[in-house]
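Notes follow the structure.
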């Protein structure tokens, strides 16, 4: 293998557009370190801005040391690494999913947040991409993993080389045609020192058993080219799936409508029963994707929705995840949030006050928000009386560590049901939200008890005065 083989692959893939800001997911393993090094190698030629992002899930004792090691590597590459710490155990328990899946969800949310912060800073959104280091061996393992779990043609299409994130940014995988052995050679030739995740050899995980046991067994006893054939099958399945999706979308383009105000989507079914099931199943899957239910679009869920399409009952319905219901209205199939709209608690008031930091002793059993008053006052001089409690308005945002996040996007990411979003109370000054109050409609236990806070005026060791916001009830 030539030394520049992987760099040539990146360029030839045409996935990396010149003049782009590239948010690079960096775990620190061989794959992501190879991708980061290759991106840096072509950065000047393609006028790229590289933003490495590392998410420390703190699942292993060595996680902190690995994060520090990646930070040192980025320093040597003259890159500033974005480091995030996020526990995935809580999400896994709440959502009833594996820790690995929860970690994946959190990482993609963080990548979107970083991309959004770049856009907030003025970088064009269509020139921002998220680069991930999945390789050809990952593709083969994914296809086999999904086949064993009973996936359909869409799942057998494997990992796409490019797709849009939930935040609307392009995700690219420029190493998807590169085999792991070539990555290992690139690491060796360029004298890189990746982190080695010992859990990759732990065969208690299904993916590891496929990688470490099943595929080697198939190579030895059935077909030494099994990886290549699985990848080829994924490519064929992808082409077939894309063709059927395009046909389905064209067939139904005029029969699908969205009502953003009522937060519902409608399919006109008058042609549905005349279409073959493969067309209708893809329409259903695409609708679930639009509604944010892509990860829940299992064979059983898609089939249940299709049964509604063909049902003779004019008002049949089923409950879908995240508070969404699919139901018939005669010749229409409607996807909508729960009909009951939850109203805000109008008895709650807020009491903003300024206290000296040395006297700051809040009641930890009661919800409160606390900020550095002098930082707040620098942005909003003499405006403490303008802090109000209210529900969301258009244009509202919550300052984050990097940039800000629209309240609508935050509530969606926090899995607040549509019918409860207008009941969420927040302390705000203008369009800037300081504190989204605790609410049982949040998915996370901490958010239910504490709420969500602006990160713009955080208290530090140098804070002298504290802006304290406590809750009370109107008389």
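Within segment 251-267, restricting attention to residues that are touching a helix residue (DSSP H, G or I) at 6+ places or on another chain (Cβ under 7 Å) and at pLDDT 80 or above, the residue that is surrounded by the most Cβ atoms within 10 Å (Cβ to Cβ) is 267.
Taken together, 248, 177, 204 contain a single residue that is part of a loop (DSSP other than H, G, I, E, B), within 29 Å of the chain's Cα centre (by Cα) and surrounded by 13 or more Cβ atoms within 10 Å (Cβ to Cβ), which is 177. The selection criterion, being in a helix (DSSP H, G or I) and surrounded by 18 or more Cβ atoms within 10 Å (Cβ to Cβ), does not hold for residue 15.
Could you check segment 164-174 and list, in sequence order, the residues that are at pLDDT below 90 and in a loop (DSSP other than H, G, I, E, B)? Result: 165, 166, 167, 168. In segment 212-223, the condition of being touching a helix residue (DSSP H, G or I) at 6+ places or on another chain (Cβ under 6 Å) and at pLDDT 85 or above is met by at least one residue.
Scanning segment 18-30 for residues that are farther than 27 Å from residue 195 by Cα and touching a strand residue (DSSP E or B) at 6+ places or on another chain (Cβ under 7 Å) yields a single hit, 20.
Each row is one residue, and each column tells you yes or no for (1) in a loop (DSSP other than H, G, I, E, B); (2) at positive phi; (3) touching a helix residue (DSSP H, G or I) at 6+ places or on another chain (Cβ under 8 Å).
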site: 389; (1), (2), (3): no, no, no
site: 394; (1), (2), (3): yes, no, no
site: 401; (1), (2), (3): yes, no, no
site: 412; (1), (2), (3): no, no, no
site: 416; (1), (2), (3): yes, no, no
site: 420; (1), (2), (3): no, no, no
site: 428; (1), (2), (3): no, no, no
site: 438; (1), (2), (3): yes, no, yes
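The residues of segment 339-373 that are closer than 22 Å to residue 387 by Cα, modelled with pLDDT under 85 and in contact with a helix residue (DSSP H, G or I) (Cβ under 9 Å, 6 or more places away or on another chain), listed by number, are 343, 344, 345. Taken over segment 449-474, the criterion of being in a loop (DSSP other than H, G, I, E, B), in contact with a strand residue (DSSP E or B) (Cβ under 6 Å, 6 or more places away or on another chain) and modelled with pLDDT under 90 is satisfied by 474 alone.
Count of segment 72-101 residues, restricted to those that are buried (at least 18 other Cβ atoms within 10 Å of the Cβ) and at pLDDT 80 or above, is 6.
Residues in segment 368-388 that are crowded, with 19+ Cβ neighbours inside 10 Å and either within 32 Å of the chain's Cα centre (by Cα) or within 18 Å of residue 431 (Cβ to Cβ) (or both): 369, 370, 371, 372, 376, 387.
Can you pull out every residue in segment 180-201 that is part of a helix (DSSP H, G or I) and surrounded by 15 or more Cβ atoms within 10 Å (Cβ to Cβ)?
180, 182, 183, 185, 186, 187
The values are calculated or read from the model by the stated rules, or taken from the named source; none is laboratory data. Because the structure is a prediction, the values reported are computed rather than measured. FYI the Cβ positions are ideal-geometry reconstructions off the backbone, even for glycines, and counts take in every protein chain you see.
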